Amino acid sequence: MDKKILSVVGARPQFVKAAMVSAEIDRTDGVGEVLVHTGQHFDANMSHLFFEEMGLRAPDHNLGIHSLPHEEMVDRMCGKLEDIIAKERPDVVLVYGDTDSTLAGALSAHRKGVRLCHVEAGLRSFNPQMREEYNRVQTDRLADVLFCPTQTAIDNLLQEGIDAAKIVPTGDVMKDAALHFAALARAPQEALPDPFVLCTLHRAENTDDPDILKQLLYALEQTCGIVSVVMPLHPRTRLRLQEMEYPIEQSPICFIDPVGYLEMLYLQNHCKLILTDSGGVQKEAYFAKKYCITLREETEWVELLHRGYNHLVGHDPVNIVTTVQNLLDMPPLFNDDLYGDGHTARTIVQRLLA
Ligand code: UDP
């Protein structure tokens, strides 16, 4: 009988990762998948578009749970996931990354006594204030198999006393996606300035504190005096801008709606450099051979910092603008090949079968 994997996704970065693993499961004999979408991201351009563009098949279950405080959202997801696990009786529950959907999948698997596998295990920011950090640490503690994208992730887990036998080095499935979809990259519909730098901003630490958000906006407006800034606007950030009555339409920053993955690849390939607080986009900057300025105080992807590809600048406007100036015309000196060979999904599925 086929091994049955129940995969839990819910947020944009998880659709990107699952697209590669689900396709690999489909190609592999002896294994089948039940795909559950928690509903955490639900706007068409944050969810449906990714299923469409990346060929991810329609979820078998959609829980429709979103826009709730963290604990309530996880509890509600668990209630439904536990029912689905009881009905589907999977051999393995597979979760991705660090969102509330990840934690809900992990808790539900644990309570129902099903093996839990975690893709992107071992990442740490060491910032206990970050919800994502809480989700990852809890998930890693419950997981039976921990798929690690980097040596740093492995070291973090060993440091925490996780049994080495549970740890599987895999590479990063986002590299699989970047390589697989590279030829399909396409320009967004909006007219773009040329040249431009690309910016994404959505972490709660940046958007939910009005003083920090104001400083970041000021820094980006100042950057517009040097080079145009294109920013696909995450729904949470849009909401915060509206709440503070920021004049989105009159801003020098070129705001566009969130784009699909293929459009995002195009933007990453055609920009001068990238400013972001996203985890995934920091790596994608490296895949596109673009310098990255990370609008945070710390990062999980430390190997990019150590090699000078990524620069942590926090939210201080002077620091941000100076770093843009320094990096803008820096030749792209990228001479290594981090994050695996682009076949991470295969490694993961083979291990799931083992
Ligand atoms: N992304 C996208 N369109 C956008 C912004 C981001 O397709 O408008 C993609 C991005 O290329 C990456 C993923 O979404 O693959 C990262 O998701 P996000 O930044 O929301 O989450 P994080 O990686 O920080 O968890």
Task: Residue that is most open to solvent (accessible area, probe 1.4 Å), among those in segment 111-123 that are within 14 Å of the ligand (Cβ to nearest atom) and assigned to a loop (DSSP other than H, G, I, E, B) - done: GLU120
- [ ] Scan segment 3-19 and give yes if some residue there is surrounded by fewer than 19 Cβ atoms within 10 Å (Cβ to Cβ) and either away from the ligand (no atom under 16 Å from the Cβ) or closer than 13 Å to THR99 by Cβ (or both), otherwise no.
- [x] yes
Task: Residue identified as aromatic (Phe, Trp, Tyr) and without any contact (Cβ under 8 Å) to a residue 40 or more places away in the chain among TYR339, TYR291, TYR246 - done: TYR246
Open item on the list: For segment 65-110, which positions are in contact (Cβ under 8 Å) with a residue 40 or more places away in the chain, surrounded by fewer than 24 Cβ atoms within 10 Å (Cβ to Cβ) and closer than 24 Å to ARG124 by Cα?
Closed with: HIS70
- [ ] Return a yes/no flag: does segment 128-138 have any residue that is farther than 17 Å from GLY39 by Cα and buried (at least 24 other Cβ atoms within 10 Å of the Cβ).
- [x] yes
- [ ] Check whether at least one residue in segment 38-48 is closer than 21 Å to LYS175 by Cβ and touching a strand residue (DSSP E or B) at 6+ places or on another chain (Cβ under 9 Å), and report yes or no.
- [x] no
Task: Residues of segment 197-229 classified as more than 16 Å from the ligand (Cβ to nearest atom), part of a loop (DSSP other than H, G, I, E, B) and either over 24 Å from GLY280 (Cα atoms) or not acidic (Asp, Glu) (or both), total - done: 3
- [ ] Look at LEU158 and say whether it is of a type in the set (A, V, I, L, M) and open to solvent by 60 Å² or more (accessible area, probe 1.4 Å).
- [x] yes
- [ ] Under 7 Å between Cβ atoms, at least 6 apart or on separate chains: pull out the pairs that start in segment 5-19 with a residue that is within 12 Å of VAL114 (Cβ to Cβ) and end on any residue that is within 12 Å of the ligand (Cβ to nearest atom) and modelled with pLDDT of 95 or more.
- [x] VAL8/SER101
Open item on the list: If I go through segment 255-273 residue by residue, how many of them are more than 10 Å from the ligand (Cβ to nearest atom) and touching a residue at least 40 places away in the same chain (Cβ under 8 Å)?
Closed with: 6
Task: Selection count, segment 139-155, where residues are open to solvent by less than 40 Å² (accessible area, probe 1.4 Å), in a loop (DSSP other than H, G, I, E, B) and charged (D, E, K, R) - done: 0
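The values are calculated or read from the model by the stated rules, or taken from the named source; none is laboratory data. Computed from a predicted model, the values in this text were never measured in an experiment. A quick note on method: Cβ atoms are made from the backbone with ideal geometry, for glycine too, and the neighbour counts reach across all protein chains shown. What goes into the accessible areas is simple: the full protein's heavy atoms, side chains included, and nothing from ligands, DNA or RNA. Shrake-Rupley method; radii C 1.70, N 1.55, O 1.52, S 1.80 Å.
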